[in-house]
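Student: Below you will find the structure I want to go over with you.
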Amino acid sequence: MDSTAKIEFDDNDLVRTLFGEHNTHLTIIEEDTGTRISARGASVSISGDKDEVEISRNLLIQLYGLLEEGYPIFSPDIDFALRILRSNRKIKLKEIFLDTVYISSKKKNITPKSLAQKKYIDAIRNFDIVFGIGPAGTGKTYLAMAMAMNLITKGIVDRVILTRPAVEAGEKLGFLPGDINEKINPYLRPIYDALHDMMDFDKAQRLIDKGIIEVAPLAFMRGRTLNDSFIVLDEAQNTTREQMKMFLTRLGFNSKTVITGDITQIDLPTDKISGLVEAKNILNNIDGIEFCFFSETDVVRHRLVREIIKAYDTLEDN
């Protein structure tokens, strides 16, 4: 059943930002919902399928409210917001988009972009051990690192440790050229990239030199007790049972740890059990440990990444 809805906004300047340059934001909404949106001044008329018109109306009103709060709206935010409202129309976008986790050196607010990301951030705040499991591009490691930078900046923890197993696609360190640092760096590069996206390069390097931020392979965790720390274990699907147990038992007082991974992308030899898969099965009923799961709907990279993940999931299901 077709219907029409009209909205009258108050602030012409905010409306221009809401609509986007050359009404690009309205075009994104039209393409996603199949509605027809016409704008004149600060007035909007939406017509089309009744349910899609209501989603579009709800979206525009809530995005306008975000602009009133000073939140900058960009084209990707339209896609994120639509996905959120499709999953639950009663959701208040302000509760998600205004939950600033960290402000990067580029003055960019790092905030959750989906319901799963919001639940993940809240879990990190409330639990000492959090597992984030899901496909690439869902923000698992990035948001964990943003929370780590937030806590170190506030002085809540004394140091941040970022680690991952040095195992990918069957390669072994001994066969790679160079000294130990040259062998390890390719595996840690994604962590450095995310860190430098959040923090000025020189500042990050100073904190690394002082030992306040440590980026190291998982093997370097053995035998340590990590107090007053925020520890992120990335690519945890490539840990063995023994490595995962070793890592989890490093946790000291006043510390938090976040373990992230994608259990569909395990690069261990076939005779090895993934420590992440096993942990998911045996630790999920322990108080104080929280598991957060992501799907392709939470992917915050290019739209095509989400479609690619969905296509491969469909292939594997068949």
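Student: Between region 260-318 and region 1-24, what's the alpha-carbon centroid distance in Å?
Tutor: Distance between centres, Cα-based: 39 Å.
Student: Just need log10 I(q)/I(0) for region 181-318 at q = 0.22 Å⁻¹, Debye formula, equal scatterers on the alpha-carbon atoms, no solvent, rounded to two decimals.
Tutor: -1.51
Student: Can you give the FRET efficiency to the nearest 0.05 for D2 and N284, using r as the Cβ-Cβ distance and R₀ = 45 Å?
Tutor: According to the calculation, E is roughly 0.45.
Student: Further question: Take the Cα pairs of the chain, get the Kirkwood Rh, then feed it into Stokes-Einstein at 37 °C and 0.692 mPa s and tell me D in µm²/s.
Tutor: Answer from the Stokes-Einstein relation: 153 µm²/s.
Student: Sticking with this one: Return the percentage of antiparallel bridges among DSSP beta bridges fully within the chain, rounded to the nearest 5 %.
Tutor: So the antiparallel bridges in the chain amount to around 40 percent.
Student: Report, in cubic angstrom per residue, the convex hull volume of the C-alpha atoms of region 13-67.
Tutor: Residue-normalised Cα hull volume stands at 67 Å³.
Student: Oh, and also: Give me the log10 of I(q) over I(0) for region 250-318 at q = 0.11, 0.12 Å⁻¹, as the Debye formula computes it from C-alpha points; what are the numbers?
Tutor: Debye output, listed in q order: -0.41, -0.48.
Student: If I model a spin label at F293 and D317 as a point 7 Å from the Cα along the Cα→Cβ vector, what separation in nanometres do I get?
Tutor: Output for this residue pair reads 1.3 nm.
Student: Using Stokes-Einstein with the Kirkwood hydrodynamic radius over Cα pairs, what translational diffusion coefficient do you get for region 1-134 at 37 °C and a viscosity of 0.692 mPa s, in µm²/s rounded to a whole number?
Tutor: 207
Student: In square nanometres, what is one fourth of the surface area of the convex hull spanned by the alpha carbons of region 77-154?
Tutor: Mean projected area of the Cα convex hull: 5.8 nm².
Student: Right, another one. Using a Gaussian network for the chain with springs between C-alpha atoms less than 10 Å apart, which of these wobbles most: M221, M149, M244?
Tutor: Of M221, M149, M244, the most mobile in the Gaussian network model is M221.
Student: Among 45-53, 229-237, 84-92, 259-267, how do they line up from the highest to the lowest mean number of other beta-carbon atoms within 10 Å?
Tutor: Top of the packing list down: 229-237, 259-267, 45-53, 84-92.
Student: For F220, what accessible area in Å² do you get when you roll a 1.4 Å probe over the heavy atoms of the protein chains, rounding to the nearest 10?
Tutor: Rounded to the nearest 10, the figure is 110 Å².
Student: Moving to a separate point now. Can you tell me what the convex hull of the Cα atoms of region 68-112 projects to on average, as an area in nm²?
Tutor: For the Cα atoms of region 68-112, the hull's average projected area reads 3.4 nm².
Student: Okay, helix-only estimate at 222 nm for the chain: each DSSP H run of n ≥ 4 adds -39500 (n - 2.57), divide by all residues, round to 500 deg cm²/dmol; what do you get?
Tutor: -13500 deg cm²/dmol
Student: Using a cut-off of 21 Å between alpha-carbon atoms, which lysines can reach K310, once sequence neighbours fewer than 8 places away in the same chain are excluded?
Tutor: Of all the lysines, those that pass the test against K310 - Cα under 21 Å, at least 8 places apart if same chain - are K113, K140.
Student: Moving to a separate point now. With everything on Cα atoms, drop me the angle between helix 75-87 and the longest principal axis of the chain, reported from 0 to 90° to the nearest 10.
Tutor: Between helix and principal axis, roughly 90 degrees.
Student: Right, another one. Pulled fully out, how much extra length does the chain show between T17 and S87, if you take 0.36 nm times their separation in residues and subtract their Cα-Cα distance?
Tutor: Here the segment from T17 to S87 would lengthen by 22.7 nm.
Student: Using only Cα atoms and rounding to the nearest 10 degrees, what angle (0 to 90) does helix 140-153 make with the longest principal axis of the chain?
Tutor: That works out to roughly 80 degrees.
Student: Send over a whole-number figure in Å² for the accessible area per residue of the chain, probe 1.4 Å.
Tutor: About 52 Å² of surface per residue is accessible.
The values are calculated or read from the model by the stated rules, or taken from the named source; none is laboratory data. Remember, predicted model here, so these are calculated numbers, not experimental data. FYI the Cβ positions are ideal-geometry reconstructions off the backbone, even for glycines, and counts take in every protein chain you see. Calculation scope for accessible area: heavy atoms of the full protein, side chains included, ligands and nucleic acids excluded. Shrake-Rupley method; radii C 1.70, N 1.55, O 1.52, S 1.80 Å.
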